[in-house]
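K.L.:
There's a structure below that I have some questions on.
Each reported figure results from applying straightforward, stated rules to the coordinates on display, with no laboratory input. As the structure is a computational prediction, the values presented were derived from the model and not from experiment. Here the Cβ positions follow ideal geometry from the backbone for every residue, glycine too, while neighbour counts run over all protein chains shown.
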Ligand SMILES: [Zn+2]
């Protein structure tokens, strides 16, 4: 009898485990992450219709998963301003052309500069001698200001250099030399002249000649779209569990340098689609909403628009789970808002412990670092989960599919679905 009990307990355990495994599909997830971070998506940004291509892809996916829409379409359109770089940039030092995306980045708020310039270098040592913006003039000479930030690590000095960069760029092109990893972002403004962030490794100390060819195009009325689909709940269709992941990334710096945004956030979108696939086959008590937001990298713009123009009452949201940076996890996950929703955070840690899933579940307080933020501001209970570990690629050309690692996907999938089943 004792033995029989043991065997049936074991069988039950195997069945539960198999059920968890059967209901998830890693191949599906990886395919979606790969598609969304492929070169054809153009970094899901503002050059060569990248964002639109990704939206079209999601539209097709939502459709084939059988998601319903709240309006006549999955799209929720909104306008945003964005500074873009559709043309290939050119930067050379002493006749040596530098490689965009590797040796340098164009600052997101860069303007245009074209021509041959003489560099004037200022570091922490002589920055005191730097004339006021607009006063840096040598008759008959075209100058580029080089701000040498090497060896500067304290916050105040970095802030001062940042301010100098912005103010001087109204009068002449500026190059910032840094020892740090180059990290790109998105801006809604444009300076009068080019601003370039350059890796110190690529800087030839003795150069007297810099050639620049930077073209920027400020799109003040760029049309972006959130993609929103749902599965109708069976017992309480007017209550909602909302899953969100932003699908935009940074786009392209010219036609060659692509910011694939595989971890940020093709990975989260792939989870979103995989979870939609999972719930489409389930009996769901509440309506399950799947939102892929645009404009996140430009300042959480898509989610801001959504909370201002919601497609269903925000107070009907039982819980919202935002996922971003889901392409690792060997060092576990962080749960933003964990300190606000203590009980729900305990659910996560207890599921994780009971089932022996992830290495670590780290708690974090509220933070305006992804799309859950505006919902939190509106009083919607929410978590933002991101994975930790793996590649350090972030907002650079190395955030590509090859640097993702979905080894932890089976555990993370179980953790998320078990967590959501408790509502
Ligand atoms: Zn992100």
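K.L.:
Where does helix 267-280 land angle-wise versus the long Cα axis of the chain, in degrees 0 to 90, nearest 10?
P.N.:
20
K.L.:
May I ask for the distance between the Cα centers of segment 399-423 and segment 129-179, given as a whole number of Å?
P.N.:
Result: 44 Å between the Cα centres.
K.L.:
Here's something else I'd like to know. Pulled fully out, how much extra length does the chain show between residue 391 and residue 360, if you take 0.36 nm times their separation in residues and subtract their Cα-Cα distance?
P.N.:
Details: separation 31, 0.36 × 31 = 11.16 nm, distance 1.75 nm.
Length gained, residue 391 through residue 360: 9.4 nm.
K.L.:
With a ≥ b ≥ c taken as the square roots of the eigenvalues of the C-alpha gyration tensor of segment 159-209, please select rounded if a/c is under 1.5 and otherwise prolate if a/b is larger than b/c or oblate if it is not? Intermediate results must be reported in sequence, preceding the final value.
P.N.:
Numbers: a/c = 1.90, a/b = 1.33, b/c = 1.43.
Since a/c reaches 1.5 but b/c is at least a/b, the shape of segment 159-209 is classed as oblate.
K.L.:
Let me ask another. With the cut-off at 1.5 for a/c, could you classify segment 273-360 from its C-alpha gyration tensor as rounded, prolate or oblate? Intermediate values should be presented prior to the final figure.
P.N.:
Values: a/c = 1.63, a/b = 1.37, b/c = 1.19.
The shape class here is prolate.
K.L.:
Given bins 5 angstrom wide, list per bin the percent of all Cα-Cα distances in segment 138-246, short to long.
P.N.:
2, 8, 14, 17, 14, 9, 8, 6, 5, 5, 5, 4, 2, 1, 0, 0
K.L.:
Quick check on segment 41-82: take the gyration tensor over C-alpha atoms, sort the square-rooted eigenvalues as a ≥ b ≥ c, and tell me if it's rounded (a/c under 1.5), prolate or oblate. Please report the intermediate quantities before stating the final value.
P.N.:
Working: a/c = 4.29, a/b = 1.54, b/c = 2.79.
Oblate is the answer for segment 41-82, as a/c is 1.5 or above yet b/c matches or exceeds a/b.
K.L.:
Related question: Take every DSSP beta bridge whose two residues both sit in the chain, then give the antiparallel share in percent to the nearest 5. It would help to have the intermediate numbers written out before the result.
P.N.:
Numbers: 36 of 73 bridges.
Within the chain, antiparallel bridges account for around 50 percent of the total.
K.L.:
Let me ask something additional. Percent antiparallel among DSSP beta bridges with both residues in segment 88-214, to the nearest 5?
P.N.:
Details: 14 of 29 bridges.
Rounded to the nearest five, the antiparallel share is 50 percent.
K.L.:
What ranking do 403-412, 105-114, 345-354 get when scored by the average of other Cβ atoms within 10 Å per residue, highest first? The partial results should precede the final answer.
P.N.:
Working: 403-412: 19.4, 105-114: 22.1, 345-354: 16.0.
Most protected by this proxy first, the peptides run 105-114, 403-412, 345-354.
K.L.:
Take the Cβ-Cβ distance between residue 201 and residue 141 as r, set R0 to 25 Å, and report the resulting FRET efficiency rounded to the nearest 0.05. Walk me through the numbers on the way to the answer.
P.N.:
On the way: r = 28 Å, r/R0 = 1.11.
Computed FRET efficiency for residue 201 and residue 141 comes out at 0.35.
K.L.:
Moving on to the next point. Helix 342-355 sits at what angle to the longest principal axis of the chain, using alpha carbons and giving 0 to 90 degrees rounded to 10?
P.N.:
70
K.L.:
How would you rank 88, 206, 248, 201, going from fewest to most other Cβ atoms within 10 Å of each one's own Cβ?
P.N.:
Numbers: 88 15, 206 6, 248 31, 201 9.
So the residues, fewest neighbours to most, are 206, 201, 88, 248.
K.L.:
For a quick check, take a GNM of the chain with Cα springs below 10 Å and name the residue from 69, 126, 226 with the largest mean-square fluctuation.
P.N.:
Ranking 69, 126, 226 by mean-square fluctuation puts 126 first.
K.L.:
How much length is gained on full extension from residue 185 to residue 70, taking 0.36 nm per residue of separation minus their Cα-Cα distance?
P.N.:
Gain in length upon complete extension: 38.2 nm.
K.L.:
I've got another one for you. Of 55, 367, 39, which has the largest mean-square fluctuation in a 10 Å C-alpha GNM of the chain?
P.N.:
Most flexible of the set in this elastic network: 367.
K.L.:
Figure the gain on full extension for residue 120 and residue 88 (residue separation times 0.36 nm, minus the Cα-Cα span) and round it to one decimal in nm. Each step should come with its number before you reach the end.
P.N.:
On the way: separation 32, 0.36 × 32 = 11.52 nm, distance 2.51 nm.
Computed gain between residue 120 and residue 88 is 9.0 nm.
K.L.:
Can you give me the Kirkwood hydrodynamic radius for segment 345-423, using every pair of distinct Cα atoms, in Å to one decimal?
P.N.:
Working: mean 1/r = 0.0685 Å⁻¹.
By the Kirkwood definition, the hydrodynamic radius is 14.6 Å.
K.L.:
Something else: Name all residues of segment 207-228 having a backbone nitrogen under 20 Å from the label point set 7 Å from the Cα of residue 53 along its Cα→Cβ direction, giving them as ranges.
P.N.:
Backbone N within reach: 217, 219, 222-227.
K.L.:
Separate question: Roughly how many nanometres apart are two label points built 7 Å out from the Cα toward the Cβ at residue 219 and residue 99?
P.N.:
Rounded to a tenth, the inter-label distance reads 2.8 nm.
K.L.:
If you don't mind, there's one more thing I want to ask. What nm value, rounded to one decimal, do you get for the distance between residue 154 and residue 309 when each label is placed 7 Å out toward the C-beta?
P.N.:
Distance between the two pseudo-spin positions: 4.8 nm.
K.L.:
Related question: Per the Debye formula with a single identical scatterer at each Cα and no solvent contribution, what log10 I(q)/I(0) holds for the chain at q = 0.09, 0.12, 0.13 Å⁻¹?
P.N.:
Taking Cα atoms of the chain as identical point scatterers yields -0.62, -0.97, -1.09.
K.L.:
Hey, for a label at residue 280 modelled as a point 7 Å past Cα toward Cβ, could you say which residues of segment 232-252 have their backbone N under 13 Å away?
P.N.:
Backbone N within reach: 232.
K.L.:
Next question. Working from Cα positions, state the angle (0 to 90°, nearest 10) between the long axis of helix 409-421 and the longest principal axis of the chain.
P.N.:
On a 0 to 90 degree scale, this one is about 60.
K.L.:
Neighbouring Cβ atoms within 10 Å as the yardstick, rank 307, 397 fewest first.
P.N.:
Values: 307 17, 397 21.
Fewest-to-most Cβ neighbours within 10 Å comes out as 307, 397.
K.L.:
If we count other beta carbons within 10 Å of each Cβ, what is the order of 378, 392, fewest first?
P.N.:
Numbers: 378 14, 392 10.
Going from least to most buried by this count: 392, 378.
K.L.:
Let me ask something else. So what is the calculated 222 nm ellipticity per residue for the chain, using -39500 (n - 2.57) for each DSSP H run with n of 4 or more, over all residues, to the nearest 500 deg cm²/dmol? Write out the running numbers ahead of the final one.
P.N.:
Values: 9 runs with 116 residues, N = 423.
That comes out to -8500 deg cm²/dmol.
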